[in-house]
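A.B. asks: If you scroll down you'll find the structure; I have some questions about it.
Computed from the coordinates by the stated procedures, all read-outs in this text should not be read as laboratory data. These figures come from a predicted structure and were not determined experimentally. Cβ: placed from backbone, ideal geometry, glycine included. Neighbour counts: every protein chain shown.
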Amino acid sequence: MNAFRPSLLFLALAMAAVLTPAPGSARAEEIVVIVAADSAVSQLSRSQVTNLFLGRYKQLPGDGRAHPSDLAELKDNFYRRLVNKTPGEISAYWARLVYSGQTVPPDQIDSIETMIDQIRRTEGAIGYIPRSRLVEGIKPVYQLED
C-alpha cells in the first residue's frame, strides 16, 4: 500500500501542473478592446476589430482616423484569440503589407499604463488591455472570447 503513495502524489502533482493555466494565458485574463471614454464608438464587432488591427480599416466607425496599438505583453494572445494566428504568421502578414507599401502595423506599446495614457490622449486611438485594468477615461468596445 505504501508503494502507491509516491505514485499517487506524482500523479496529483502532474495533473495540477497540466490543469493550471500559465500566467498571462488566454484563460487567465479577459482581454478588452478599448477607446477613449469620449469616443463616439460605443461597440465594435469582431469583424470590425479584426479589420482595424490588421490594417484593412483606417477609420473608426463615426469617429475619424483609427490609430491602433498593440500591447507587447498581450499581443500574441490577442491575435491568437482574434484571428487564430501565431506570432510568426502575424509578423509575415505585416511584412508583406509593409513591403508592398499598403499600410503600417499598429504602434507597439510596452506597458498597460502607457497604453491607457495613449488611448486617453490620442484621438482615434484603439488598443487592448486586460479587463481587470479598466479605469476612468477609457471604455471597452469589444471583449475577446476564448
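A.B. asks: Taking the Cβ of each residue in ASP146, ASP63 as the centre, tally the other Cβ atoms inside 10 Å and list the residues starting with the fewest.
C.D. replies: Taking fewest neighbouring Cβ atoms as first place, the list is ASP146, ASP63.
A.B. asks: Is segment 53-101 rounded, prolate or oblate when judged by the Cα gyration tensor, a ≥ b ≥ c being the square roots of its eigenvalues, rounded requiring a/c under 1.5 and prolate requiring a/b larger than b/c?
C.D. replies: Verdict is oblate for segment 53-101.
A.B. asks: Another question, if that's okay. Only counting other Cβ atoms within 10 Å, I'd like SER111, SER69 sorted with the fewest neighbours first.
C.D. replies: Starting with the residue having the fewest Cβ neighbours, the order is SER111, SER69.
A.B. asks: Here's something else I'd like to know. Check which residues have an amide H placed less than 5 Å from ILE34's amide H, if you skip close sequence neighbours.
C.D. replies: Amide H neighbours of ILE34, under 5 Å, 5+ apart: GLY127, TYR128, ILE129, VAL141.
A.B. asks: Quick one: which residues, 5+ away or cross-chain, put their amide H under 5 Å from the amide H of TYR57? H built at 1.01 Å from N.
C.D. replies: Under 5 Å from the amide H of TYR57 lie the amide H atoms of LEU52, each far enough along the sequence or on another chain.
A.B. asks: Collect residues whose amide H, placed 1.01 Å from N in the peptide plane, falls under 5 Å from the amide H of HIS67; neighbours closer than 5 in sequence don't count.
C.D. replies: ALA125, ILE126
A.B. asks: Could you tell me, in Å, what Rg and Dmax come out for the Cα atoms of segment 38-146?
C.D. replies: 13.3, 39
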